[in-house]
Amino acid sequence: VQLQASGGGLVQAGGSLRLSCVASKSVLNIDRMGWYRQAPGKQREPVAHISRGGGSIYADSLKGRFTISRDVGKNTVYLQMNSLKPEDTAVYYCAAIYFGNDYWGQGTQVTVSS
């Protein structure tokens, strides 16, 4: 599976961004797709993921601000990020699990200025 992430950028605190991840296969055939992030000097951490059946799980600290969704027809998973904070600054990675294997897209930088 190839994953193409986009949508990062520079935004002021309190603003919003929507990340997109286009998969080379139908999202209905991918066990799970989601987003991770890695801030400078920190380990990569999970943000949210959505299963083949459409169920979603979020990092506890991000519930209420971030929403993961998908467009089956476009093979795309989105991450809507609202009320962004400077601590959300990180490289965001799209990831997928397909037939038990992990796949990663290139990262997209999100920078939130105070």
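The values are calculated or read from the model by the stated rules, or taken from the named source; none is laboratory data. Here the structure is a predicted model, which means the values were calculated and not measured. For neighbour counting, all protein chains shown are included, and Cβ atoms are generated from backbone atoms with ideal geometry for every residue, glycine included. For accessibility, only protein heavy atoms count, side chains too; no ligands or nucleic acids. Shrake-Rupley method; radii C 1.70, N 1.55, O 1.52, S 1.80 Å.
When the residues of region 91-100 are filtered to those that are of a type in the set (A, V, I, L, M) and touching a Cys at 6+ places or on another chain (Cβ under 9 Å), which remaining residue is surrounded by the fewest Cβ atoms within 10 Å (Cβ to Cβ)? Applying the filter and picking the extreme gives 95.
Residues in region 18-29 that are within 26 Å of residue 82 (Cβ to Cβ) and modelled with pLDDT of 95 or more: 18, 19, 20, 21, 22, 23.
Listed here are the residues, each with its yes/no results for (1) open to solvent by less than 50 Å² (accessible area, probe 1.4 Å); (2) without any contact (Cβ under 8 Å) to a residue 60 or more places away in the chain; (3) under 20 Å from residue 43 (Cβ atoms).
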residue	(1), (2), (3)
63	no, yes, no
67	no, yes, no
72	no, yes, no
77	yes, yes, no
83	no, no, no
86	no, no, yes
89	yes, yes, yes
102	no, yes, yes
105	yes, no, yes
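Mind checking which residues of region 15-38 are among the polar types (S, T, N, Q), open to solvent by 30 Å² or more (accessible area, probe 1.4 Å) and under 15 Å from the mean Cα position of the chain (by Cα)? Spell out how you get there, then give the answer.
As a first pass, look at region 15-38 and keep what is among the polar types (S, T, N, Q): 16, 20, 24, 26, 29, 38.
Then drop every residue that is not open to solvent by 30 Å² or more (accessible area, probe 1.4 Å), which leaves 16, 24, 26, 29, 38.
Matches in region 15-38: 16, 38.
Being among the acidic types (Asp, Glu) and under 16 Å from residue 106 (Cα atoms), is that true of even one residue in region 11-34? No, the conditions are met nowhere in region 11-34.
May I ask you to say which residue of 8, 55 is among the small types (Gly, Ala, Ser) and surrounded by 14 or more Cβ atoms within 10 Å (Cβ to Cβ)?
On the way: 55 fails: surrounded by 14 or more Cβ atoms within 10 Å (Cβ to Cβ).
Among 8, 55, only 8 is among the small types (Gly, Ala, Ser) and surrounded by 14 or more Cβ atoms within 10 Å (Cβ to Cβ).
Scanning region 43-56 for residues that are in contact (Cβ under 8 Å) with a residue 12 or more places away in the chain and either under 17 Å from residue 108 (Cβ atoms) or of a type outside the set (Gly, Ala, Ser) (or both) turns up 44, 45, 46, 47, 48, 49, 50, 52.
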